[in-house]
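Peer 1: Can you read through this structure? Questions will come right after.
The values are calculated or read from the model by the stated rules, or taken from the named source; none is laboratory data. Keep in mind it's a predicted model, so treat the numbers as computed, not measured. For neighbour counting, all protein chains shown are included, and Cβ atoms are generated from backbone atoms with ideal geometry for every residue, glycine included. To get the accessible areas, we keep the full protein, side chains included, count just its heavy atoms, and leave off ligands, DNA and RNA. Shrake-Rupley method; radii C 1.70, N 1.55, O 1.52, S 1.80 Å.
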Amino acid sequence: MSGTLRAQLCFLLLSVTALRGHARFLDIQDNEISPEGLLSLLSSELKRELPEEFVYRRALRCLDMVAVEGQFTFTAERPQLNCAVFFIGEPSDIISIEYDSVNIDCRGGDFVKVFDGWVMKGEKFPSSQDHPLPLYERYSDYCETGVTRPIVRSSQNVAMLFFRLHQSGSSFTVTFRKLINPFPCNVISQTPEGSFTMIIPQQHRNCSFSIIYPVEIQIGELSLGQHNDLKRSILGCAGSGDFVELLGGNGMDTSKMFPMADLCYSFNGPAQMKVGCDNTVVRMVSSGKFVNRVSFQYRLLGHQELQQMKGNSVEDVCLRA
């Protein structure tokens, strides 16, 4: 990966927002770690394989990634004011976070909050237009709910925990579990290579599959019900009400990403495109009238492929940005 792309990926994954104590919503801005950062943390977490009879336990870091089920404890050795933990599961998972014990000073300005999704540089995944809940309902503050809501569940395979502790010795323990989601909608991929089938069963909603790498996408099957070809040709895919779009960008919010291609007709057979962006998204928009389905594969682009894309076509839009 080029130095520019590594810097952009660092911007996306490794810069986390400083928590504003008096802000209603959290916005991560200032924390930075090395370019290997969260990706290496994720890789180390994914390598762990534990016998089912054992509960995995470990201490949390101020900036952390958790991909393995278990019990996690943070104990402050000094004031920790800008901390965040990224939780991620498989595409077919949703995240469950249970408070086992909490020893913090809520009146003194401490907090532990769960966000339904991920936040990076002020951009949120899923975006507000793709998430089933309004933004204010996606935040769960322990100091406001306490024991009345000891378990928080996400709407997709990612969630975040923000916390601010002013006194040494303050601590909390949470248990992270993965629950099955029969119809995964919004997903962040753990890896730069794989395959996925997204199905929306007659629901009026938008679903995004996000791959935080420059990749080649190959769509093998697309089924969108039946539409009038004349209407589609006049109004474009948006006029059809059911379509799939391929997006590329260097942030998380799909509404701010570059449209690379859109598809609003069913087909079988490969259709592929290379996207030289730090984030590649397959996004399906559904009217709720049909059972919509898209199957695709993706693989990481090599350094030589990225170099060849520069200046050659529309596919290099992120490389030039």
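Peer 1: Could you give P(r) for region 122-255, binned at 5 Å from zero, as whole percent values over all Cα-Cα pairs?
Peer 2: 2, 7, 14, 18, 18, 15, 11, 7, 4, 3, 2, 1, 0, 0
Peer 1: From the protein chains alone at 1.4 Å, what is the descending order of accessible area for Thr75, Thr175, largest first?
Peer 2: Thr75, Thr175
Peer 1: How much accessible surface does His166 have with a 1.4 Å probe, in Å² rounded to 10?
Peer 2: Roll a 1.4 Å probe over it and His166 shows about 70 Å².
Peer 1: If you don't mind, another one. Taking the C-alpha atoms of region 104-169, how large are the radius of gyration and the largest Cα-Cα span, Dmax, in Å?
Peer 2: For region 104-169, the Cα radius of gyration and maximum Cα-Cα distance read 12.9, 40 Å.
Peer 1: Still on this structure, please answer the following. Karplus couplings for region 144-160 from phi (6.51 cos²θ - 1.76 cosθ + 1.60, θ = phi - 60°), rounded to Hz, Gly and Pro as x?
Peer 2: For region 144-160, the Karplus-derived couplings read 9, 9, x, 6, 6, 9, x, 10, 10, 10, 8, 9, 8, 8, 9, 7, 10 Hz, x marking Gly and Pro.
Peer 1: Filter the cross-link list Lys124/Lys178; Lys113/Lys178; Lys178/Lys274 down to pairs whose alpha-carbon distance in this structure exceeds 27 Å. The partial results should precede the final answer.
Peer 2: Numbers: Lys124/Lys178 21 Å; Lys113/Lys178 19 Å; Lys178/Lys274 32 Å.
Going by Cα-Cα distance, Lys178/Lys274 fall outside the 27 Å limit.
Peer 1: Next up: How large is the accessible surface of Ile151 in square angstrom, using a 1.4 angstrom probe and rounding to the nearest 10?
Peer 2: Result for Ile151: roughly 70 Å² accessible.
Peer 1: Over the heavy atoms of Lys289, what accessible area does a 1.4 Å probe trace out, to the nearest 10 Å²?
Peer 2: Only protein atoms counted, so the area is about 150 Å².
Peer 1: Related question: So what are the ³J(HN,Hα) numbers for region 79-85, from phi and the Karplus equation (6.51, -1.76, 1.60; θ = phi - 60°), rounded to whole Hz, Gly and Pro as x?
Peer 2: Result, rounded to whole Hz: x, 10, 9, 9, 10, 8, 10.
Peer 1: Quick check: with the 1.4 Å probe, what order do Ile199, Ile104 take by accessible area, largest first?
Peer 2: On the way: Ile199 55, Ile104 35 Å².
Greatest to least solvent exposure: Ile199, Ile104.
Peer 1: Local charge sum around Ile217 (other residues, Cβ-Cβ under 10 Å, Lys/Arg +1, Asp/Glu -1)? It would help to have the intermediate numbers written out before the result.
Peer 2: Working: positive: Lys274, Arg299; negative: Glu216.
Charge balance near Ile217 sits at +1.
Peer 1: Right, something else. Arg149: net charge of surrounding residues, Cβ under 15 Å, Lys/Arg +1, Asp/Glu -1, itself excluded?
Peer 2: Values: positive: Lys113, Arg138, Arg153; negative: Glu98, Asp100, Asp116, Glu137, Asp141, Glu144.
Residues close to Arg149 contribute a combined charge of -3.
Peer 1: What nm distance separates the two modelled labels at Arg153 and Cys62, each placed 7 Å from Cα along Cα→Cβ?
Peer 2: That separation, rounded to one decimal, is 3.5 nm.
Peer 1: Here is a further query. Under the rule of at least 5 residues apart or a separate chain, name every residue whose amide H is placed under 5 Å from the amide H of Asn82.
Peer 2: Those qualifying (amide H under 5 Å, at least 5 residues apart or on another chain) number zero.
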